[in-house]
Structures are given as structure tokens and as C-alpha cells.
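Report on the structure given below.
Computed from the coordinates by the stated procedures, all read-outs in this text should not be read as laboratory data. No experiment lies behind these values; they were computed from the predicted model shown. So basically every Cβ, Gly included, is an ideal-geometry build from the backbone, and we count neighbours across all protein chains shown.
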Amino acid sequence: MLLHIDSHQPYTLTMTSWNRHTDAILQVENLRLSIGGETKVSDISFTLFAGERVCLLGASGSGKSLTAKTVIGTPATGCQISGSIKVNGEEVSQLKALARPHTSRVSAVFQDSATALNPLMPLGKQLSLALKTPSSAELAALLTAMKLDDIPNLLQRYPAELSGGQRQRICITLALLGKTRLLVADEPTTALDVITQQQVLRVLQERSAQPDAPALLFITHDIAVAAQLCQRGLVMEHGQIVESGSMLQLLNAPQHPYTRRLVAAARRADDVLSTNVLSTNVLPINILPTNVLPVAGALAG
């Protein structure tokens, strides 16, 4: 989906600032994932630092979601794992999520909101259980920011009574309440309409600007969404990371042929939208300008 990138907040980031001045929250080294004897992810390595927002960008089948599930501790059935995954310096590659030490657990948001919530428990109770220190004010503020209406009534309802978009926003709220040092979000805005998607991305941006914000690994196929939220990108194709760099670098000077195709496709879509405006009262949306690209609300952290 095409998204507007706000030019009012210039985006600046140097990779050396992360390496020198912040802690490594996630370290993935030579990770190889195989299922049924077939290699799905081949020897990938990357690091996320405290407060950083990084996207893992690629098409379906590229290995990005399989990587995300393994980092979280919920690998695919039959997945053979080799290499190293460290969260907060602790090796967890062979540990399932619930077997990990509390300090190395990861909050997560998945694509399928229908299976992420307990169908037999009211939403209010599920959200309360996620709060380490009870704070109704914090919960109310976050739900309001998520543009969820009639909150008192909402908290008494069950997941099946909500739309897909409402359920996904509840899932994002639960993940943000977890207060871990790493949040992995696997296509969390897929079920949302464009307007709600923008609102949720804005909430993630605002939360990421807080001093105690978790590092974010954001999984997406949509380079426009990645540009809205993330500071750095890792491009995956056929189970390998083929290019990495700041979002500015990837969008303005892509080096790998696959990255260039992603950017070119997004620019073509933007051109179509800009030249086929439905009425004179509708302004064209410019998601990928050809000059230096400001990222909406992006902060160096």
C-alpha cells in the first residue's frame, strides 16, 4: 500500500553512532535454517542496537518471516537451526520462547491476529495480564492512540467480536505492553486499511522515540511502509541478505538488482497514483521522491 512520507522531519543516521554508543540487543551470526533438507535461510548475519528500528524487507518466500519466527523462539515445525542468535548477549538459538531467560525474551506481533489472542478471555483481562505494573492510565492512553473507540465496552468484548483491524491493533498494544528490549513485528499492518495503517505506524514511531523503547525488527514486503518507520533496512532474497544500509541509501542509491527492482516498482506505483488523481480535491501522494528522502517521524534514537 502506498503511504505518504512526511517531509517535515528530516532523517539523519550514521551507522557508526549505533556501533559505538549503544548496546547490541540482537546479534544474529551465520544463521542457517533448513526444513526437510532444504535450506530456507543461508548464513545470514546482522545486529540490532538499542532503540534502533530495522526492517527485514523481501517478497513472500524470501525467508524473512522464517527468520523472524526463529528470533522470537517460535521456529517452524521441523526447522533445523544452526548459527547463533543472541538477545541481550544471551545465546537463544536453540531455545523456544518460553524456555528463554526473562531478560532475553522477545515481544512479537504476527500477521494473523485471529490466532494471537485467547478466544475465551475478554480483551481487558488479556491486556491487564500483559502489564507488569498495573497502570490503567497507560493502557487507556495506548488504546486511544491506536484509534480504538468506546474503550470501556471494548475491554469487555471477546476477540471474535472485533474486526481484523481492531484485533491487530490489540495485538500491537499487547506487544508494546510487554516491555522487552526487542520487539519483532511480522507484517503487523497487513490487516489494516491505509488510514488505520498510518495511525498504527505513527504510534510505533512515537513509542520508539521514548528512552526505554525496545529495538524493533520490522518484517515487511512493502518498502513504503519500511520507509515510514525504519531507520535501516536488510533486503532478503532467496534466503540471503543481498543488501543492507540506511533507508536513505536503499531508496536513493540501491546497489543490488533486487533492491533496485523493489524501489522501481514503488516509484512506478507512486507515478500511477500521482497521474490518476480521482478529483481535483485529492492531492497526489508522493511516497518515494527522487531527491533525498525524509522519513516520517524518524529519529536517530
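Hey, for a label at residue 210 modelled as a point 7 Å past Cα toward Cβ, could you say which residues of the stretch 41-80 have their backbone N under 18 Å away? 50-53, by backbone N distance to the label point.
Reducing the stretch 124-190 and the stretch 94-108 to their Cα centroids gives an inter-centroid distance of 21 Å.
What's the FRET efficiency of residue 193 with residue 157 using the Cβ-Cβ distance as r and R₀ = 22 Å, to the nearest 0.05?
That pair, residue 193 with residue 157, gives E of 0.60.
If R0 is 41 Å, the Cβ-Cβ spacing of residue 138 and residue 38 corresponds to a FRET efficiency of close to 0.35.
Across the stretch 105-114, coupling constants 3J(HN,Hα) worked out from phi with the 6.51/-1.76/1.60 Karplus curve, θ = phi - 60°, read 7, 10, 7, 8, 10, 9, 5, 8, 6, 5 Hz, and Gly and Pro carry x.
Applying a threshold of 31 Å to the alpha-carbon distances of 96/147; 40/86; 147/179; 69/147 flags 96/147 as lying beyond it.
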